[in-house]
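Take a look at the structure below.
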Amino acid sequence: GDSVTQMEGPVTLSEEAFLTINCTYTATGYPSLFWYVQYPGEGLQLLLKATKADDKGSNKGFEATYRKETTSFHLEKGSVQVSDSAVYFCALSPGTSYGKLTFGQGTILTVHP
Amino acid sequence: DGGITQSPKYLFRKEGQNVTLSCEQNLNHDAMYWYRQDPGQGLRLIYYSQIVNDFQKGDIAEGYSVSREKKESFPLTVTSAQKNPTAFYLCASRSAGTGGTDTQYFGPGTRLTVL
């Protein structure tokens, strides 16, 4: 079945450092890929998405590129801020009508001033 | 403002009691979902519904039940048969009919604690 694997956390960075959170997936067909962010005590917010190979999703300085050859969708940001501290989830949705999301286990990011 | 509301934010239940979590959306979305989140884990799908009066079991449906009598509402009942109900429950919705590319939007969640 479908699965998503994220790099193990937690990740701790200083403000303005470069961020990479790795995400790889296993799926049949052509899934859509997502990054969601969760702030403490809140629901998930969509950060970015990509729906086909080589697409780049971007939002708020975050970027991720859909790499079918390496089955990856790594999240990057050039300069993190304290306000980026949150849990980040990589997820995939198969090319079916009901749109079930399969999530990775989440990566906790803490950014220090 | 359009969005998804869940109530209550915090819920406490005694063992052996059923409890119902509310989820309402005014996004005019056809599909709705319930997920469970446990510490250090990703979200797992409990139930989903693509249309009114129809719903399907997800990966961990045992001990849960749902109904979909109205397009905007998808309540989840956690029954006494659920062995480990303490968790964070998230509701989501999506406009259906366009495959898996549409985005799921999430509510703020309900934290259920069994005492």
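The values are calculated or read from the model by the stated rules, or taken from the named source; none is laboratory data. This structure is a prediction, so every number in the text was calculated from the model and none was measured. Reconstructed Cβ throughout: ideal geometry from the backbone, glycine too, with neighbour counts over all protein chains shown. In case anyone asks, the SASA skips ligands and DNA or RNA and just uses the protein heavy atoms, side chains included. Shrake-Rupley method; radii C 1.70, N 1.55, O 1.52, S 1.80 Å.
Exactly one condition in (1) over 17 Å from B:VAL114 (Cβ atoms); (2) away from chain A (no Cβ under 11 Å); (3) touching a residue at least 24 places away in the same chain (Cβ under 8 Å); (4) β-branched (Val, Ile, Thr) is not met by B:ILE51; state its number.
Only one criterion in (1) over 17 Å from B:VAL114 (Cβ atoms); (2) away from chain A (no Cβ under 11 Å); (3) touching a residue at least 24 places away in the same chain (Cβ under 8 Å); (4) β-branched (Val, Ile, Thr) is unmet by B:ILE51, namely (2).
Considering only the range A:1-73, give the strands (runs of 3 or more DSSP E) lying wholly within it that have at least 3 residues that are of a type in the set (Ser, Thr, Tyr).
In the range A:1-73, the matching strands (runs of 3 or more DSSP E) lie at A:23-26.
Do we have any residue at all in the range B:57-64 that's among the hydrophobic types (A, V, I, L, M, F, W, C) and within 11 Å of another protein chain (Cβ to nearest Cβ)?
We begin by selecting, within the range B:57-64, every residue among the hydrophobic types (A, V, I, L, M, F, W, C); these are B:60-61.
With the extra rule that they be within 11 Å of another protein chain (Cβ to nearest Cβ), the set shrinks to none.
Taking every residue of the range B:57-64 in turn, none turns out to be among the hydrophobic types (A, V, I, L, M, F, W, C) and within 11 Å of another protein chain (Cβ to nearest Cβ).
Got a number for residues in the range A:63-96 being out of contact with any Pro (no Cβ under 9 Å at 6 or more places or on another chain), surrounded by fewer than 17 Cβ atoms within 10 Å (Cβ to Cβ) and within 10 Å of chain B (Cβ to nearest Cβ)?
1
(1) of a type in the set (Val, Ile, Thr); (2) free of Cβ contacts under 8 Å to residues at least 60 places away in the same chain; (3) open to solvent by 60 Å² or more (accessible area, probe 1.4 Å): which one isn't true of A:ILE108, the others all being true?
Failing condition for A:ILE108: (2).
Output yes when any residue across the range A:19-30 is surrounded by 12 or more Cβ atoms within 10 Å (Cβ to Cβ), within 11 Å of chain B (Cβ to nearest Cβ) and touching a strand residue (DSSP E or B) at 6+ places or on another chain (Cβ under 9 Å), and no when none is.
Checking the range A:19-30: at least one residue is surrounded by 12 or more Cβ atoms within 10 Å (Cβ to Cβ), within 11 Å of chain B (Cβ to nearest Cβ) and touching a strand residue (DSSP E or B) at 6+ places or on another chain (Cβ under 9 Å).
Take the conditions open to solvent by 20 Å² or more (accessible area, probe 1.4 Å), within 27 Å of B:HIS29 (Cα to Cα), in a loop (DSSP other than H, G, I, E, B) and of a type in the set (Gly, Ala, Ser) and apply them to A:GLY99. Does it pass? So that I can check it myself, show each step before the final result.
On the way: open to solvent by 20 Å² or more (accessible area, probe 1.4 Å): no; within 27 Å of B:HIS29 (Cα to Cα): yes; in a loop (DSSP other than H, G, I, E, B): yes; of a type in the set (Gly, Ala, Ser): yes.
When the stated conditions are applied, A:GLY99 does not pass them.
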